[in-house]
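Peer 1: Got a structure here, written out as C-alpha cells. Questions coming.
The values are calculated or read from the model by the stated rules, or taken from the named source; none is laboratory data. What you are looking at is a predicted structure, and each value in this text was computed from that prediction instead of being measured. Please note: Cβ atoms are built from the backbone with ideal geometry, for glycine as well, and neighbour counts cover all protein chains shown.
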Amino acid sequence: MVLAPFEVVCSSLCSLFLAFASVPFAGPPIQDGEHYAQGQPKPMHKHVLGAGEQSYEWVHGWGVLPEDMQFGNTHGCIVIDGGDNVYMNTDTDNAVIVFDKEGKFVRGFGKEWRGGLHGMVLRKEGGKEFIYFVHTQRNVAAKMTLDGEVLWMLGYPEKPGIYKNAGEYHPTSIAVAPNGDIFVADGYGKSWVHQYNEKREYIRSFGGPGDREDQMASPHGIWMDTRGAKPVLLVADREHHRIQRFDLDGKLIDVVKGDLRRPSNFGQRGDFIAVADLEGRVTILDKDNKIVTHLGDNSDPKKRANNGVPREQWIDGEFVAPHCARWDSAGNLYVLDWVSQGRITKLKPIKAP
C-alpha cells in the first residue's frame, strides 16, 4: 500500500514522538558542587524544604567517599572549620571524615577513637581551631587539633560521688563557654551535666535523673547559645521531649516545650537554632525559641529514629534519624543521620528574591 504524503508525515512524527518518549527524564542539570553517589539515581525534581528565609534545597548525593571506603554507622556529630570543611563522625576506623564544601573527600583519621566518638564542637583559640569531643565507650572528654593530635583527656568527675567507676559514665556531648568553662553531658550514663573551668578543674554537676524541669532523661546534646546578652547552655533533654535553658551557674532559666519529638543536638547561625530531632526531622527555632519550621519530616513513622533503614529506602527530602545539624559560613545546613550505612546531607539555602 502506498501512503499519501499526509500519512507519511504523520507516520514520521509519530515515530519521532515515540523515540523521545522512550528516553527517561533525567531531571535538572547537576549544579556546581553536587555529586551523585554510585548507585543513586539523579533526582527527578528539586526538593525544597522549610519556609521563608529558612528555605533550603536538598543537595542530592553530597559527600562522596573513595571507592575503597564506606561510611559505616554515623553516630556522632559535625563541626565545620574556618575554611568550611566539614568534619563528621563514623563508628569506623575513620572516626572523623573530612569533606570540603563541595563534598569532595579530604581525609579520614581517628582509628584509635573507633566506635564511640559521639559529640564534637569546634572552638577558635589564639588564632587556631580545635575540636572538643567526647567518647561514649572510652568514657572521656578530650581536645584535639584539626589533624587529630590529642592535647588532653578528661575522665569522669570523682568529687561529687555520682559514679562508682568510669563504666557508669558515657558522655554524649560537650560545649565550651566564652570564658573557657567546659560542660560535658552524660547523656548515655546518669543524665548529669558536669562543669569544669578552662584548667579542667571540677566546678559543679547539675541536672541528674528525674522528671522535674531541672532534671533530665538523656541530656543527649548541649550547646552554648550566644544569641543573647549572656551565654546560655541549651540541653537537649531527649527523653523528656524538651529543651532546657541553664545559666552558666547551672541554674534553670526555662524550658522549651511543644512540637518536639526527641531533640538530640543543636547548631546555631545568627538568631536561629537548628535542632536535630532523632525522630525524623530538623526543627528551626527563632531568637525567641519559637518554631519557625520543620525540615525533612519523615512521612513514615516506622522509619523515624530507625538505625536500620536501608539505603534503598532513603528518600530525598526526608531524614531518617537526625543526630546532629550544623551550618557553615554561607548558610548551608549539614545534617548527620543516625543510620547503619551512614548518611550526611547538605541543604543549600534558597535566597529570597
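The rows are residues; the columns are (1) farther than 24 Å from Ala330 by Cβ; (2) in a loop (DSSP other than H, G, I, E, B); (3) touching a Lys or Arg at 6+ places or on another chain (Cβ under 7 Å); (4) touching a residue at least 24 places away in the same chain (Cβ under 8 Å).
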site	(1), (2), (3), (4)
Gly61	no, yes, no, yes
Pro66	yes, yes, no, yes
Gln70	yes, yes, no, yes
Gly76	no, yes, no, yes
Asp84	no, yes, yes, yes
Met88	no, no, no, yes
Thr92	yes, yes, yes, no
Ile97	no, no, no, yes
Phe105	no, no, no, yes
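Peer 1: With the condition kept exactly as written, say whether any residue in the stretch 326-340 is of a type in the set (Lys, Arg), buried (at least 22 other Cβ atoms within 10 Å of the Cβ) and either modelled with pLDDT under 95 or more than 17 Å from Cys77 (Cβ to Cβ) (or both).
Peer 2: Scanning the stretch 326-340, I find no residue that is of a type in the set (Lys, Arg), buried (at least 22 other Cβ atoms within 10 Å of the Cβ) and either modelled with pLDDT under 95 or more than 17 Å from Cys77 (Cβ to Cβ) (or both), so the answer is no.
Peer 1: Of all residues in the stretch 211-221 being under 18 Å from the mean Cα position of the chain (by Cα) and part of a strand (DSSP E or B), which is farthest from Ser264 (Cα to Cα)?
Peer 2: Going through the qualifying residues, I end up with Pro219.
A quick yes/no check of all residues on (1) out of contact with any Ser or Thr (no Cβ under 6 Å at 6 or more places or on another chain); (2) part of a strand (DSSP E or B):
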{"residue": "Val184", "(1), (2)": "yes, yes"}
{"residue": "Val193", "(1), (2)": "yes, yes"}
{"residue": "Ile203", "(1), (2)": "yes, yes"}
{"residue": "Trp223", "(1), (2)": "yes, yes"}
{"residue": "Lys230", "(1), (2)": "yes, no"}
{"residue": "Ala236", "(1), (2)": "no, yes"}
{"residue": "Ser264", "(1), (2)": "yes, yes"}
{"residue": "Gln268", "(1), (2)": "yes, yes"}
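Peer 1: Looking at (1) surrounded by 16 or more Cβ atoms within 10 Å (Cβ to Cβ); (2) outside any loop (DSSP other than H, G, I, E, B), which one does Leu260 not meet, given that it meets all the others?
Peer 2: Failing condition for Leu260: (2).
Peer 1: I've got another one for you. Any residue at all in the stretch 147-156 that's under 19 Å from the mean Cα position of the chain (by Cα), among the small types (Gly, Ala, Ser) and surrounded by 14 or more Cβ atoms within 10 Å (Cβ to Cβ)?
Peer 2: no
Peer 1: Residue under question is Asp316, and the condition is that it be out of contact with any Gly (no Cβ under 8 Å at 6 or more places or on another chain), acidic (Asp, Glu), buried (at least 24 other Cβ atoms within 10 Å of the Cβ) and modelled with pLDDT of 95 or more; does it hold?
Peer 2: When the stated conditions are applied, Asp316 does not pass them.
Peer 1: Continuing with this model, one more query. Consider Met144 carefully, then state whether it is farther than 30 Å from Phe109 by Cα, free of Cβ contacts under 8 Å to residues at least 60 places away in the same chain and surrounded by 19 or more Cβ atoms within 10 Å (Cβ to Cβ).
Peer 2: Judged against the criteria, Met144 is not a match.
Peer 1: Now for a separate question. Within the stretch 157-205, track down each residue that is hydroxyl-bearing (Ser, Thr, Tyr), farther than 22 Å from Val232 by Cβ and either in contact with a Leu (Cβ under 7 Å, 6 or more places away or on another chain) or surrounded by fewer than 22 Cβ atoms within 10 Å (Cβ to Cβ) (or both).
Peer 2: Across the stretch 157-205, the qualifying residues are Tyr163, Tyr188.
Peer 1: How about the stretch 148-171: which of its residues are of a type in the set (Val, Ile, Thr) and under 16 Å from Tyr196 (Cα atoms)?
Peer 2: Once the filter is applied, which keeps residues that are of a type in the set (Val, Ile, Thr) and under 16 Å from Tyr196 (Cα atoms), the stretch 148-171 yields only Ile162.
Peer 1: Taking interchain pairs and intrachain pairs at least six residues apart, which have beta carbon atoms under 8 angstrom, with the first residue in the stretch 302-328 and farther than 15 Å from Trp62 by Cβ and in contact (Cβ under 8 Å) with a residue 40 or more places away in the chain and the second part of a loop (DSSP other than H, G, I, E, B) and of a type in the set (Ser, Thr, Tyr)?
Peer 2: Matching pairs, first to second residue: Asn307/Ser340; His323/Thr74.
Peer 1: Looking for something within 11 Å of Leu336 (Cα to Cα), at pLDDT 95 or above and among the β-branched types (Val, Ile, Thr) - is there at least one such residue anywhere in the stretch 91-103?
Peer 2: No.
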